[in-house]
Amino acid sequence: MLIVIRLLGFLAIATIGSSLIAFVMTRNRRWLVFAMQVLRLSVVVGIVLVLLYALERLL
């Protein structure tokens, strides 16, 4: 499970980074909005995973 979490985190960071590079190169705000959406989704998924991990440790 931990390797899946690391892989998803790496993919999220790579997606955000490439979107920011695309924004800098094209000045198209669509890439900036996409990067923010990926960041927001990554934070939500991270919080859910941390809560599930904490719940698992309690049980």
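Only the coordinates and a few stated rules stand behind these numbers; no lab work does. Everything numeric here is computed off the predicted structure, so don't read it as measured data. When we count neighbours, we look across all protein chains shown, and the Cβ atoms used for this are built from the backbone with ideal geometry, even at glycine.
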- Message: Which count do you get for residues in the range 41-51 that are without any contact (Cβ under 8 Å) to a residue 12 or more places away in the chain and either over 25 Å from Ile16 (Cα atoms) or touching a helix residue (DSSP H, G or I) at 6+ places or on another chain (Cβ under 7 Å) (or both)?
- Response: 0
- the chain, residues that are surrounded by 11 or more Cβ atoms within 10 Å (Cβ to Cβ) and of a type in the set (Lys, Arg): Arg30
- Is it the case that the range 23-43 has a residue that's outside any helix (DSSP H, G or I), hydrophobic (A, V, I, L, M, F, W, C) and over 12 Å from the mean Cα position of the chain (by Cα)? no
